[in-house]
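What follows is a short report on a single structure.
Coordinate-derived values only; no laboratory data. The structure presented is a predicted model; accordingly, all values stated were derived computationally and were not measured. Glycine gets a Cβ as well: all are built from the backbone with ideal geometry, and neighbour counts include every protein chain shown.
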Amino acid sequence: MTAWGVVRTAFGDHDVPSTLMGVTVLGYDGQLVEIEATAAVLDS
């Protein structure tokens, strides 16, 4: 299953805004990557 397939399965009919970026090579060996995310849950 593709990455987008996993996202669609997890969120169902709710189409969420998202960005998927692939990184094939980092600048140098041992480089770390920081990922930041914000999520909100609204009570219905």
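Of all the Cα-Cα pairs you can form in the chain, what percent are over 16 Å apart? Write down the numbers at each step before the final one.
On the way: 558 of 946 pairs.
Cα-Cα pairs in the chain separated by more than 16 Å: 59 percent.
Determine ³J(HN,Hα), in whole Hz, for all residues of the stretch 3-9 in sequence, where each value follows from phi through the Karplus function 6.51 cos²θ - 1.76 cosθ + 1.60 and θ = phi - 60°; x replaces Gly and Pro.
Karplus-based 3J(HN,Hα) across the stretch 3-9 equals 4, 5, x, 5, 4, 4, 5 Hz.
Label-point separation (nm) for A40 and A3, each offset 7 Å from Cα along Cα-to-Cβ?
Taking the simple label geometry, A40 and A3 are separated by 2.5 nm.
With runs of 4+ DSSP H residues as the only contributors, calculate the mean residue ellipticity of the chain at 222 nm using -39,500 (n - 2.57) per run, divided by the residue total and rounded to the nearest 500.
The helix contribution divided over the chain gives -6000 deg cm²/dmol.
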